[in-house]
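A short write-up of the structure that comes next.
The values are calculated or read from the model by the stated rules, or taken from the named source; none is laboratory data. Here the structure is a predicted model, which is why all the values come from computation and not from measurement. A quick note on method: Cβ atoms are made from the backbone with ideal geometry, for glycine too, and the neighbour counts reach across all protein chains shown.
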Amino acid sequence: MSFIKVENVWKEYADQIVLENISFEIAHRAFLMLVGPSGCGKTTFLRMLLGEDAPTRGKILMDGAPLVAEPDADRGVVFQRYSVFPHLTALQNVMLGAEFAQAPFLGRLFGARRRAVAKKARALLEDVGLSGAQDKYPAALSGGMQQRLALAQALMRQPKVLLLDEPFGALDPGIRADIQALMQRLWNETDLTIVMVTHDLPEAFRLGTRILAFERSRNRPEERERYGATIARDIEIWPPRVAGATRPFTRPGRDDPAKPGAEPGRPATQAS
Amino acid sequence: MRLLNVKPTRGQALVLAAIPFALTCFAYLLFSQLRLAENPNDKLLPSLGSMIQAINDLAFHADARTGQYIFWADTAASLQRLGVALAISTIAALIVGVVMGLLPIAGTLLGPFVAVLSMAPPLALLPILFIVMGLGEASKIALIVIGSFPFLVRDLALRVSELPREQFLKAQTLGASTWQIALRVALPQMLPRLADALRLTLGPAWLFLIAAEAIASDSGLGYRIFLVRRYLAMDVILPYVAWITLLAFLSDAALRWVQRRAFPWFVAARAS
């Protein structure tokens with residue numbers, strides 16, 4: 001049942017212990033949220049899942065095999081910024097993954113194979129709500145559209161696990177709500193296990209199936225170096241959300257624009 | 001209003017920019033007039049008429065001895081040397097620079113060497129080039145290459161390593177190999193930056209060209225001004241200098257134009 005298994009993972013940089021003896025398992029098709037204060041090592045942990053960094057001790061297994069020590073196509077990623085390539089149009093950005101797979105030497109497709117890939121890429125762009133923007137460069141897209149593009153680009157390679165590093169942290173609240181809804185729909189429709197780092201607790205509870213809170217248990221100055229963060233809370237969302245069977249969330253969040261007449265804690269405005 | 005808040009309008013900007021040019025011309029004509037009034041045979045500040053006459057002879061009347069139109073033959077010879085040399089150092093720098101910036105092994109291997117090499121004054125190497133390669137075209141082209149290559153390589157390697165780490169990680173999660181990342185991520189993003197680097201190299205490149213032509217040559221713009229210097233032929237030297245300046249300015253403008261036209265994404269991406 002467990003898809004990713006984390007066994008006694010420690011991460012140290014020189015004398016600084018960042019993560020201390022982390023062990024847990026991630027179920028297949030989970031939507032796992034990593035939360036915690038700044039500097040608690042949640043991004044460090046995500047980087048280890050990505051393969052950019054290796055645990056100092058312990059190991060991480062995926063499907064029973066140790067993680068490859070460098071990023072690969074099994075693990076898609078979306079960062080807060082710089083996730084798309086500025087020199088490629090939206091369509092080219094999405095096509096890139098397929099071109100890498102099918103054209104090892106040129107990294108570029110031509111003719112019928114190119115048209116087939118472009119068709120698939122256009123469908124993906126439409127799926128994330130970017131159908132009109134396929135020929136635009138990322139610099140001409142808003143922050144929210146760039147993140148949608150980054151999602152489409154990552155999904156093109158059909159990764160087993162999608163890693164999200166505060167992907168919506170820089171977005172305006174209204175746009176964030178839209179893209180969160182998109183994220184949840186994609187998770188429902190696609191065979192994906194998602195691990196997402198976020199600062200936004202309401203977002204974590206709204207999207208996730210499970211929430212892991214990283215925290216340093218010992219925080220006195222003389223202790224900071226020698227004690228790393230551990231998992232302080234491991235919360236399964238109740239009632240459980242199951243991929244493909246979740247009720248679509250419609251309730252507005254705390255940061256969303258208020259709907260007239262539906263303000264919590266206030267009587268509905270009366271017609272004068 | 002504070003002086004630093006005073007911004008010229010379009011028309012004012014044009015006038016302001018024209019002032020230094022006009023003043024320079026005016027001052028020259030004034031002093032030329034004064035000297036010529038005193039001594040009509042004065043060679044130091046020739047009149048506009050005598051300069052036009054001199055260039056007319058060189059540009060539109062075939063040389064009696066060789067049958068060449070000297071002005072155009074000089075221009076062609078100089079531009080050919082400059083073009084070949086810059087093409088060589090650009091292509092070499094593009095390859096070496098991207099490899100150095102992309103691969104830590106290559107950066108460690110070549111970085112310190114190129115850093116030391118770039119400090120060797122090219123003009124001090126000129127005698128060595130003349131001894132080894134003879135006085136022909138090869139040594140002049142080699143001088144310009146030596147003068148521009150280290151700068152271009154270091155600049156490009158730096159620019160590659162300045163690309164956001166996220167881009168390389170993302171490309172790896174899309175399944176790209178090192179070669180594909182170089183070809184589709186690093187190289188295309190370097191081309192517009194190369195145009196910037198080339199613009200900065202143009203000045204030194206002309207310097208080395210004129211220096212090499214001055215010392216040993218039988219044609220070229222630099223050769224000509226150093227040749228007629230013996231006869232105090234300011235009526236040839238001044239227009240030649242103006243012509244060289246104009247050529248350098250035009251190539252700079254052309255590079256900027258190409259950058260804007262060929263890489264529309266670059267201006268927007270740089271601004272954001």
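Observations
- Any chance A:ARG75 is within 20 Å of the chain's Cα centre (by Cα), within 14 Å of chain B (Cβ to nearest Cβ), over 18 Å from B:ILE181 (Cβ atoms) and among the basic types (Lys, Arg): no
- Filter result for the condition that a residue is on the phi < 0 side of the Ramachandran plot and in contact with a Ser or Thr (Cβ under 9 Å, 6 or more places away or on another chain), over A:PRO202, A:PRO173, A:PRO167: A:PRO167
- Filter result for B:ALA176 (within 14 Å of another protein chain (Cβ to nearest Cβ), part of a loop (DSSP other than H, G, I, E, B), touching a Lys or Arg at 6+ places or on another chain (Cβ under 9 Å) and modelled with pLDDT of 90 or more): yes
- Filter result for B:ARG260 (under 22 Å from A:PHE85 (Cα atoms), at pLDDT below 90 and assigned to a helix (DSSP H, G or I)): no
- So A:LEU106, is it touching a Leu at 6+ places or on another chain (Cβ under 8 Å), in contact (Cβ under 8 Å) with a residue 24 or more places away in the chain, surrounded by fewer than 22 Cβ atoms within 10 Å (Cβ to Cβ) and facing another protein chain (nearest Cβ under 10 Å): no
- Verdict on A:PHE105 being assigned to a loop (DSSP other than H, G, I, E, B) and over 30 Å from A:GLN16 (Cα atoms): yes
- Residue satisfying condition, being more than 21 Å from the chain's Cα centre (by Cα), in a helix (DSSP H, G or I) and surrounded by 15 or more Cβ atoms within 10 Å (Cβ to Cβ), within set B:LEU86, B:LEU169, B:LEU126, B:LEU143: B:LEU169
- Checking A:ALA65 against (1) free of Cβ contacts under 8 Å to residues at least 24 places away in the same chain; (2) of a type outside the set (S, T, N, Q); (3) facing chain B (nearest Cβ under 8 Å); (4) surrounded by fewer than 21 Cβ atoms within 10 Å (Cβ to Cβ), the condition it does not meet: (3)
- So B:ALA18, is it more than 21 Å from B:ARG224 (Cβ to Cβ), aliphatic (A, V, I, L, M) and either surrounded by 10 or more Cβ atoms within 10 Å (Cβ to Cβ) or not assigned by TED's automatic domain parsing to the domain that holds B:TRP243 (or both): yes
- Inside the stretch A:120-150, residues that are surrounded by fewer than 19 Cβ atoms within 10 Å (Cβ to Cβ) and more than 21 Å from A:LEU182 (Cβ to Cβ) make up a count of 2.
- Among the residues of the stretch A:109-133, those that are more than 12 Å from every other protein chain (Cβ to nearest Cβ), modelled with pLDDT under 90 and in a loop (DSSP other than H, G, I, E, B) comprise A:VAL128, A:GLY129, A:LEU130.
- Within the stretch A:39-62, the set of residues being touching an Asp or Glu at 6+ places or on another chain (Cβ under 6 Å), closer than 12 Å to A:VAL161 by Cα and facing another protein chain (nearest Cβ under 10 Å) is empty.
- Scanning the stretch B:255-272 for residues being within 14 Å of chain A (Cβ to nearest Cβ) and touching a residue at least 60 places away in the same chain (Cβ under 8 Å) gives a total of 4.
- Candidates B:LEU143, B:LEU152, B:LEU169, filtered to the one that is out of contact with any Cys (no Cβ under 9 Å at 6 or more places or on another chain) and over 19 Å from B:PHE113 (Cα atoms): B:LEU169
- Given (1) free of Cβ contacts under 8 Å to residues at least 12 places away in the same chain; (2) in contact with a strand residue (DSSP E or B) (Cβ under 8 Å, 6 or more places away or on another chain), index of the condition A:GLY39 fails: (2)
- Test: residue in the stretch B:232-248 that is farther than 21 Å from B:GLN53 by Cβ, modelled with pLDDT under 95 and acidic (Asp, Glu): no
- So B:SER50, is it touching a helix residue (DSSP H, G or I) at 6+ places or on another chain (Cβ under 9 Å) and in the same structural domain as B:ALA242 (by TED's automatic domain parsing): no
- Here A:GLN92 meets each of (1) more than 7 Å from chain B (Cβ to nearest Cβ); (2) touching a residue at least 12 places away in the same chain (Cβ under 8 Å) with one exception, condition (2).
- Residue count for the stretch B:141-160, restricted to those that are hydroxyl-bearing (Ser, Thr, Tyr) and farther than 12 Å from B:LEU86 by Cβ: 0.
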